[in-house]
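Below: one structure, written as structure tokens.
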Amino acid sequence: MYSPLTLAGKYIGYRLTAANGRGHGIHSPFVYEFIGKVLNDKSPYPEYQTAERLRAKLLSDQTPVPVEDYGAGSKSGGGSKSVAQIARTAAKSPKYAQLLFRMVRFYKPHYVLELGTSLGISSTYLALAEKTSVVVTGEGNYAVATMAKNNFEAMNLTNVRIITGNFDNTLPEMVSATPQIDFAFIDANHRKKPTLNYFRELLKKASQRSVIIFDDIHWSKEMEEAWREIKEHPAVMLTVDLFFLGIIFFRPEFKVKQHFRIRF
Ligand SMILES: C[S@@+](CC[C@H](N)C(=O)[O-])C[C@H]1O[C@@H](n2cnc3c(N)ncnc32)[C@H](O)[C@@H]1O
């Protein structure tokens with residue numbers, strides 16, 4: 001991972017070079033619509049409160065949890081942490097989790113796949129966004145996955161299912177059990193090789209209308225390399241770089257590849 005100073009420098013570079021977040025000068029109608037109707041949608045959806053109540057509960061829970069390390073890129077480290085620590089360090093912040101919610105609400109995917117459940121905060125946002133979507137989320141840490149499952153049950157989230165196990169073993173099965181991957185959020189092992197493996201595996205069930213989101217694309221040299229390779233893949237026609245998230249669209253109607261950096 002980059003040092004905090006390097007990351008801060010990169011973030012400043014992004015803020016200075018990214019396109020204006022109001023959509024000025026964006027000539028793609030698809031991206032213009034995304035900015036206007038999704039990125040900048042400031043509606044106070046009541047589901048935000050449901051998900052944030054879960055976050056608040058977890059942030060005050062000092063129960064120790066064994067944390068497994070899935071490689072140096074995993075943000076969870078190793079040893080033992082409290083639920084509160086995991087919720088504070090691993091979960092997407094409200095700003096980005098709520099963007100995921102709005103994307104699912106807007107694009108209405110049938111099948112949503114999430115790699116990296118942790119305690120289930122982002123999964124909760126994904127599941128609340130569209131009740132008719134089926135969300136399948138994967139988590140390798142058994143103790144954490146059990147807590148996430150309990151959290152889903154406590155909130156009566158019936159459209160989310162958790163698969164426990166290391167993606168090295170579970171991902172091929174998760175993908176083959178999903179008829180089609182309409183929307184995916186990749187927030188697991190933040191290293192180049194696993195990230196590219198996840199991408200290749202998801203491509204097997206992606207369609208022209210699929211949306212795939214990668215977490216922390218500028219977090220390390222490896223993640224930046226993975227993001228570059230993903231952008232270059234011939235099927236990827238449109239990418240949106242929001243610094244902490246990278247979004248890809250396939251849509252062959254675009255004909256020419258386009259890459260956007262948008263201030264968010
Ligand atoms: C950053 S956290 C996910 C946070 C969650 N998406 C949220 O925003 O609430 C990443 C999770 O991925 C899990 N993970 C990392 N590598 C994995 C692997 N190879 N197999 C299964 N789970 C993995 C870690 O245990 C960790 O809980």
Using the Kirkwood formula on alpha carbons, the hydrodynamic radius of region 29-182 in angstrom works out to 16.1
Quick calc, the chain, dipole around Cα centre from Cβ unit charges on Lys, Arg (+) and Asp, Glu (-), nearest 20 debye, gives 740
Note: region 188-240, point scatterers on Cα, Debye, no solvent; log10 I/I(0) at q = 0.26, 0.30 Å⁻¹ equals -1.12, -1.40
Between the Cα axis of helix 142-154 and the main Cα principal axis of the chain, the angle (0 to 90°, nearest 10) is 80
The relative contact order of region 45-198, taking Cα pairs under 8 Å that sit 6 or more residues apart, comes to a percentage of 23
Checked against the positive end of the charge dipole of the chain (+1 on Cβ of Lys and Arg, -1 on Cβ of Asp and Glu, about the Cα centre), the farthest of 11, 26, 244 is 26
Between residue 184 and residues 5 or more places away or on another chain, the pairs with built amide H atoms under 5 Å apart involve 113, 211, 212, 213
antiparallel share of DSSP beta bridges within the chain, to nearest 5, in %, is 35
Hits in region 221-264: amide N under 20 Å from the 7 Å Cα→Cβ extension of residue 7, namely 221-228, 241-247, 262-264
Summing -39500 (n - 2.57) over every DSSP H run of at least 4 in the chain, dividing by its residue total and rounding to the nearest 500, the 222 nm mean residue ellipticity is -13000 deg cm²/dmol
The long-range amide H neighbours of residue 65, using H built 1.01 Å from N in the peptide plane and a cut-off of under 5 Å, are 81, 82, 83
Summed over the other residues with a beta carbon less than 14 angstrom from that of residue 41, with K and R at +1 and D and E at -1, the charge totals +4
For the chain, the longest principal axis of the Cα atoms and the Cα long axis of helix 167-176 enclose an angle in degrees, to the nearest 10, of 60
Non-local residues with an amide H under 5 Å from the amide H of residue 237, with H modelled 1.01 Å from N and Pro and chain starts lacking one, are 249, 250
Note, region 195-203: 3J(HN,Hα) by Karplus (6.51, -1.76, 1.60, θ = phi - 60°), whole Hz, Gly/Pro = x, goes 4, 5, 5, 4, 4, 4, 5, 5, 4
Other residues with Cβ under 13 Å from the Cβ of residue 129 give, with Lys and Arg +1 and Asp and Glu -1, a net charge of -1
Checking rank on 6-14, 111-119, with mean other Cβ inside 10 Å and highest first, the result is 111-119, 6-14
Other residues with Cβ under 13 Å from the Cβ of residue 15 give, with Lys and Arg +1 and Asp and Glu -1, a net charge of +2
For the chain, the longest principal axis of the Cα atoms and the Cα long axis of helix 94-107 enclose an angle in degrees, to the nearest 10, of 60
Highest mean packing first, using Cβ neighbours within 10 angstrom, the peptides 139-145, 52-58 sort as 139-145, 52-58
In the structure shown, of 81/192; 92/204; 57/95; 204/257; 37/193; 95/255, the pairs separated by more than 23 angstrom at the C-alpha atoms are 81/192; 92/204; 37/193; 95/255
The equivalent-ellipsoid semi-axes of the chain, taken as the square roots of five times the Cα gyration tensor eigenvalues and listed largest first in whole Å, are 27, 20, 20
Percent relative contact order for the chain, counting Cα pairs under 8 Å at least six residues apart, stands at 17
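We did not get these values from a lab; they are worked out from the coordinates using the rules stated. Just so we're clear, the structure is a prediction, and the values are computed from it rather than from any experiment. Virtual Cβ from ideal backbone geometry, glycine too; neighbours counted across all protein chains shown.
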